[in-house]
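Let me begin by presenting the structure, written as structure tokens, before commenting on it.
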Amino acid sequence: MRTGKEIILATKPYAVDSSARSWAYLLSTACLLAGALSGTLWSVALAGKLACSFLAGLLYLRFFVIYHDQQHEAILPHSRLAEGLMRLFGILILSPSSVWRSSHNHHHNHNSKLRGSHIGSYPIMTKEQYLHSSKAERFKYLFMRHPMTILFGYVFVFQYGMCLYPSVTKLREHYDGLVAFLGHLLLAAAIAWFFGWSALLFTLVIPHFVASAIGSYLFYAQHNFPGVSFNDKGGWTYDKAAMESSSFLKTGPIMAWFTANIGYHHIHHLNSRIPFYRLPEVLAAIPELQRPRTTSLHPMEVFRCLRLKVWDSDAQRMVGLRDVWRSALKTQEGCLR
């Protein structure tokens, strides 16, 4: 079984972009998105507006993964036109290029590390760190990982986390975060002014809410799932982090299309230059990648992922708060004896 450099090199032949395919996927998705957004404005029936609005959210999600691939230079790496269009899309989707690239590249280079992995991902505390933290620190940590925070990713992850916070802390470096946030407010005002408040809801709020909620959960579940592994710096390797700390999210063909194969996350982390449309091909061709750690969008699987809160270094697994306090109580009882 190949590991280390060997398994990474085995993926290299697939890290080749077809410009024609990439443009076809990008432009077809853009056209479908434009059609869905138009439907939110011109559809007469309320059910039609809602259906188009939800569809637009799913198409935003697909477009976001295509944007994500272009930012990794997996697709259209030498196209100035693609770079310009994707920068505009990053501002539209509240994920400006400067913020996304700096945080996401850090995430790829520090995936599964107990220190530094919080940048570009959800924070991880060990059981010991959590028990020795202040109430304020615990509240902040649990708030960032709370299901409602993930559900309202539109506000907390994207408007605040990807736009306002980076631009306030490093305005010169991430001025596009402020541009994205203010541009979003202006777009909302323009839609409300010209088309009315219902258009604001169906054309802007619901599509962004849907895309952000699903996207925020995908960020979470891809690295917070039963069976995930975290390491200190001494035990960390790039290929091990990809295989043991990145999930293969099982979906049906419809959601695989809307998520642009981002569920093949262990392969993406092994080689981020592989275009999204070639990821299934890589899985089929390389036996070492065919037994990944998995999760899915089944409600019980979602529940199992969301209940995980801290890393138990002794048990070498993620656990929920009930397990943390049960362990702390046993330790306290042992000391009293």
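Quick one: accessible area per residue over the chain, 1.4 Å probe, rounded to a whole number of Å²?
Numbers: 16810 Å² over 337 residues.
About 50 Å² of surface per residue is accessible.
Using the alpha carbons of the range 178-228, what is the convex hull volume per residue in cubic angstrom, as a whole number?
Looking at the range 178-228, the number lands at 64 Å³ per residue.
Using only helices, what value at 222 nm comes out for the chain when you add -39,500 (n - 2.57) per DSSP H run of length 4 or more and divide by the total residues, to the nearest 500 deg cm²/dmol?
Working: 17 runs with 199 residues, N = 337.
Theoretical 222 nm ellipticity from helices: -18000 deg cm²/dmol.
Give the calculated FRET efficiency between Met1 and Lys135 to the nearest 0.05, with a Förster radius of 35 Å applied to their Cβ-Cβ distance.
Calculated value: 0.15.
Which three lengths, in whole Å and largest first, does the range 112-242 cover when its Cα atoms are put on their principal axes?
Computed over the range 112-242, the largest-to-smallest principal extents equal 57, 35, 34 Å.
Using DSSP to call loops (not H, G, I, E or B), can you name the GluC sites (Glu not before Pro) in the range 124-189 whose Cβ has at most 13 other Cβ atoms within 10 angstrom? Present the calculation step by step, with values, prior to reporting the outcome.
Numbers: sites: Glu128, Glu137, Glu173; in loops: Glu173.
Filter output for the range 124-189: Glu173.
May I ask you to give the percent of accessible area on the range 44-150 that is carbon plus sulfur, with a probe radius of 1.4 Å?
Answer for the range 44-150 is 68 percent, counting heavy atoms of protein chains only.
With the full set of protein chains in place, find how many percent of the accessible area of the range 204-324 is carbon and sulfur; take the probe as 1.4 Å.
C and S atoms contribute 57 percent here.
What is the set of long-range amide H partners of Thr126 at a cut-off below 5 Å, with H atoms built 1.01 Å from backbone N?
For Thr126, the qualifying residues are Trp311.
Largest first, what is the accessible-area ranking of Thr169, Thr203 with a 1.4 Å probe? Show your work: numbers first, answer last.
On the way: Thr169 80, Thr203 20 Å².
Largest accessible area first, the residues go Thr169, Thr203.
For Cα extents along the principal axes in Å, one of [x] 72, 47, 42; [y] 44, 43, 43; [z] 67, 44, 36 was computed from the structure I shared and the rest are decoys. Which label?
Only one option fits the structure, namely [x].
A 18 angstrom limit on the alpha carbon distance is what I want to check against. Which of Lys5/Lys250; Lys12/Lys250; Lys140/Lys170; Lys113/Lys250; Lys5/Lys240; Lys250/Lys309 exceed it?
Pairs exceeding 18 Å: Lys5/Lys250; Lys12/Lys250; Lys140/Lys170; Lys113/Lys250; Lys250/Lys309.
Would you kindly derive the ³J(HN,Hα) couplings of the range 255-261 from the backbone phi angles with the Karplus curve 6.51 cos²θ - 1.76 cosθ + 1.60 (θ = phi - 60°), listing them in order in whole Hz, with x for Gly and Pro?
Karplus-based 3J(HN,Hα) across the range 255-261 equals 5, 4, 5, 5, 9, 6, 6 Hz.
Read phi for every residue in the range 267-284 and hand back ³J(HN,Hα) as whole Hz from Karplus 6.51 cos²θ - 1.76 cosθ + 1.60, θ = phi - 60°, with x for Gly and Pro.
6, 4, 6, 6, 8, 6, 8, 7, x, 4, 7, 9, 4, x, 4, 5, 4, 5
Mind checking the range 61-163 for trypsin sites (Lys or Arg not before Pro) that DSSP puts in a loop (not H, G, I, E or B) and that have at most 13 other Cβ atoms within 10 Å?
Arg115
If I model a spin label as a point 7 Å beyond the Cα along the Cα-Cβ vector, how far apart are those points for Leu50 and His106 in nm?
Using points 7 Å along Cα→Cβ, the separation is 4.1 nm.
Once both labels are modelled 7 Å past Cα along the beta-carbon direction, what's the Val179-Arg80 spacing in nm?
Simple spin-label model gives 1.6 nm for this pair.
Along the range 89-102, what does the Karplus equation 6.51 cos²θ - 1.76 cosθ + 1.60 (θ = phi - 60°) give for ³J(HN,Hα), rounded to whole Hz, x for Gly and Pro?
5, x, 5, 4, 8, 6, 9, x, 4, 5, 6, 4, 5, 5
The values are calculated or read from the model by the stated rules, or taken from the named source; none is laboratory data. In this text the structure is predicted, and so the values were computed from the model without any measurement. Using ideal geometry, Cβ is built from the backbone for each residue, glycine included, and neighbour counts are taken over all protein chains shown. The accessibility values were calculated without ligands, DNA or RNA, using every heavy atom of the protein model including side chains. Shrake-Rupley method; radii C 1.70, N 1.55, O 1.52, S 1.80 Å.
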